[in-house]
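Scroll down for the structure; my scribbles are underneath it.
The values are calculated or read from the model by the stated rules, or taken from the named source; none is laboratory data. On a predicted model such as this, the values are computed, not experimentally measured, just so you know. We place every Cβ from the backbone using ideal geometry, glycine too, and count neighbours over all the protein chains shown.
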Amino acid sequence: MKTLYPISLLISLLMTTSVFARPLPVENFKYKKDITLPSKLSESRIVKVLLDEEFYKHSFYGDLRLTLNGEIVPYKIQNAEEISKYTEKLKPELLFTKKDEMEIYVLELPKLPEGMSYSKLTVTSSYDYETSITLKLGDNPDSFAETKNVFLYKYGSQSSGEIDLGNTKYRYVRLEVENGSNLKFPSVTRSKENKHLYFEKTHQIPNPLLEENAVLFTFPNEIQTSFQNIKLSFEEKNWERMITVRGKINKKEWDTVFQGTINHDEKDGNYAEIPISSPLSSEFTIQIEDGENQTLHLKEVITVQPLEEILFFIDNVTKDTIYSLYYGNPYQWPANFDPYTYPSSDELREKTPIEGKLTKEVENAEFGYNLIYPPISGYITTGLFYIGIGTLLVFIFSILRSKRLVAKETV
C-alpha cells in the first residue's frame, strides 16, 4: 500500500495541472506596446494598427497578443497595403455583336499602364430587363482564361448598373446574354493597384569563407534588422544552385530557415528572392553550393520585411480604455481565434477602419514566466514524467524483491 501512495500523488498533480489551465497571463511576455486611438472616433468599430520594426525585432510572430485593460482581444493579421483611391473611366471598344438566340458582345478595353487594373464595367439599357450573363475574360479574342456568371437587372429607376471585373488585367471581354436585353457598355473603370508596404535593408557583402564545393557568407546584422525574405543579386545572370540560409536563435543556436535549389534566369530580373520560414532579426549566413560549377560572384544582398497590420473590434472607448500589445515569448503557441470575433473581408470593404498607432516599446514590468505555461510547465511536466518512471521502477523492484523473499522462505 505504501508504494501506491507516490503513484496516487503523481496522478493528483497531473490532474490539478489541467484543472487550473486558464487564459494566458500578460506576465508571460517580455515586451509591451500600447495603442493610441484618435481623439475623435468614427462610427466604425474596426481598428487597424500597423506593426513596426521594433515589434519584429523582439516578437516570435506566434506570440503576439492584444489586450483591453488586461483581457485578451481577438484580432486578425494581414499584409499592409497602401490603399489607392485613384480611378478613371474610359470607353471600351465594341468589336463584335450578335443577336440571335443569345446576344453576344465582345469588347476590347484600352491598354493598361503599369500598376493599374480593371475593376468595373458599366452596363446600361433603354428597357427594363433582368438577365443572367456569362462573362469571359482573356488576353485575346481567341482564348478566354476566366469565366463567371453575373446577374443584372433594371426595374425602372432601379438598376444593378455595373459588373465587377475583379481587378483584372485582361483586355478582352465576351458577354453572353439572354435575347432582348439590348445592352450598352458606356465605360470601364480602371484603378491604381494597392501597393504592398515593406522595409528593406541592403547589407555589405562580407569576405566569403571558401568551403569544399561551396561558399559561406556571414552577415552580422548589427542593428538587428528583421526580415522574412532575402533578395540576392549575382554578377552571373543565369544559374542554378542549392542555397542554405541559417539564422541565430536567441543569440546562441543556429537554425536553418531556408534550404532549397534556386533557379534564376536573366528574364526573372536582377534578384532571386528567398522566403524565410520564420522572421529573423539576428546574425545570419548564406551558403551557396557550387558543386562542380564555377563559383558565383555575389553582388548584393537585401533583406525584406513585409509590413503587416492587425485589425480588431473595439467596444465603447473611454479615457480609461487601454489597448496593449504583448509579445516576446518564444514558447508561446500561436493565437487561434474564432473567425466571427474579428473583422471579416466584407466588413472591411463596407467600413473604413479607424487607424491606431503603436507607442514606443517598453519592457513589461510584470514579466515572469508562470508555473502552468511554457517553458516552466514543460520543465515541471518533464520532471513529473521522470518522477513517475522512477516511482514505477521502485514499485516493480519492491514487488520483485517481495517475491524473491517469499521464494527463499519456501525453500
Check: Out of all the residues in segment 78-106, which are out of contact with any His (no Cβ under 9 Å at 6 or more places or on another chain) and either in a loop (DSSP other than H, G, I, E, B) or crowded, with 16+ Cβ neighbours inside 10 Å (or both)?
Finding: I83, S84, K85, Y86, K91, P92, D100, E101, E103, Y105, V106
Notebook entry, point to check: Among I389, I380, which is outside the structural domain of V47 (by TED's automatic domain parsing), aliphatic (A, V, I, L, M) and at pLDDT below 80?
Noted result: I380
Item checked: Some residue of segment 183-205 being modelled with pLDDT of 90 or more, outside any strand (DSSP E or B) and farther than 30 Å from T147 by Cβ -> yes
Check: What residue, of E300, E273, E240, E236, is touching a His at 6+ places or on another chain (Cβ under 8 Å), surrounded by fewer than 18 Cβ atoms within 10 Å (Cβ to Cβ) and either at pLDDT below 90 or part of a strand (DSSP E or B) (or both)?
Finding: E240
Item checked: Of the criteria (1) farther than 18 Å from Y118 by Cα; (2) outside any strand (DSSP E or B), which one L152 fails -> (2)
Margin query: Which residue is nearest to L280 (Cα to Cα), if the candidates are limited to segment 324-346 and must be surrounded by 16 or more Cβ atoms within 10 Å (Cβ to Cβ) and aromatic (F, W, Y)?
Written below: Y327
Next item on the list: Test F217 against the stated conditions and say whether it is of a type in the set (F, W, Y), under 30 Å from Q78 (Cβ atoms) and part of a strand (DSSP E or B).
Entry: no
Checklist line | Residue check, P110 surrounded by fewer than 19 Cβ atoms within 10 Å (Cβ to Cβ), outside the structural domain of Q158 (by TED's automatic domain parsing) and in a loop (DSSP other than H, G, I, E, B) | finding: no
Check: When segment 63-75 is examined, which residues are found to be of a type in the set (D, E, K, R) and buried (at least 19 other Cβ atoms within 10 Å of the Cβ)?
Finding: D63, R65
